[in-house]
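Here's the structure, in structure tokens; my notes come after.
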Amino acid sequence: MACIGILISGRGSNMVALVDAVASGEIPASEVTVVISDKADAAGLAKARTRGVETLVIEKNGRKREEHDAEIVAALKERGVELVCLAGYMRLLSPEFVRAFPNRIVNIHPSLLPSFPGLNVQQQAIDAGVKVSGCTVHFVNEHLDAGPIILQRVVEVKDDDTAETLAERILEQEHAAYVDAVRRIVSGRLTIEGRRTTYSGISDKA
Ligand code: GAR
């Protein structure tokens, strides 16, 4: 049984996709043990509670990043969490946090990395004039949006797209991509070598 902890800062739609996929068995042999938010007013908290998942709010409260992260790591470890999924968690993790879960922290990002790391990435994609964008699920290392890529889904950028319309279409793909990526990880058939990951199981169709 893989124990999953999910970190959010806001709406939590990716978190909901993961919790629901675990509940339906689409992500097998797993349990979402806790959802932690760094924001007390994150809308995702109520969605997690409705689904019977324990929620915690651990705010930074002016502390150093290391201290904030240490409290989160302790809460995750106390609950036996083995896989940490960042789902719209809008903070950089400290190196100590990353080292506490080596190759066991995953993030979803709304662009085709390594293009457009950071923030406002849908607007960055539109401004750059790219014709496709999408989303990336990747392992988290000590560098921003730079860990080994697990999978990506492509979304067309339309001529009349705004950051909002593009974000909406990417988000639909994010939910499917995140579920597929976590399924691959818990299957034990995903290997990491340097910057590359290889999956030797059955893939979902894109
Ligand atoms: C998602 O689009 C996610 O990819 C993005 O924030 C949104 C959260 O939505 N994350 C990042 O930009 C991380 N760098 P959600 O709260 O509904 O899952």
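Read-outs: derived from the displayed coordinates by stated rules, not from any lab. As the structure is a prediction and not an experimental result, all values here were calculated from the model. Backbone-built Cβ (ideal geometry, glycine too); neighbour counts: all protein chains shown.
Structure data summary
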| item | result |
| --- | --- |
| Cα-based Lys proximity count in the chain, under 24 Å, for pairs eight or more positions apart or on separate chains | 11 |
| Relative contact order for region 1-87, counting Cα pairs under 8 Å that sit 6 or more residues apart, in percent | 41 |
| Sequence-distant residues sharing a close amide H with Ala146 (under 5 Å, placed H) | Asn141 |
| Protection-proxy order for peptides 189-200, 40-51, 169-180, each taking the mean of Cβ atoms within 10 Å per residue, highest first | 169-180, 40-51, 189-200 |
| Highest average packing first - 66-79, 119-132, Cβ atoms within 10 Å | 66-79, 119-132 |
| Tensor-based shape of the chain (alpha-carbon gyration tensor, a/c under 1.5 rounded, otherwise prolate or oblate) | rounded |
| Sequence-distant residues sharing a close amide H with Glu54 (under 5 Å, placed H) | Val35 |
| Order by protection proxy (mean Cβ within 10 Å, highest first), peptides 110-116, 19-25 | 110-116, 19-25 |
| Lys, Arg +1 and Asp, Glu -1 on Cβ, resulting dipole of the chain about Cα centre, debye, nearest 20 | 420 |
| Nonlocal amide H pairs with Leu151, under 5 Å, H built at 1.01 Å | Val137 |
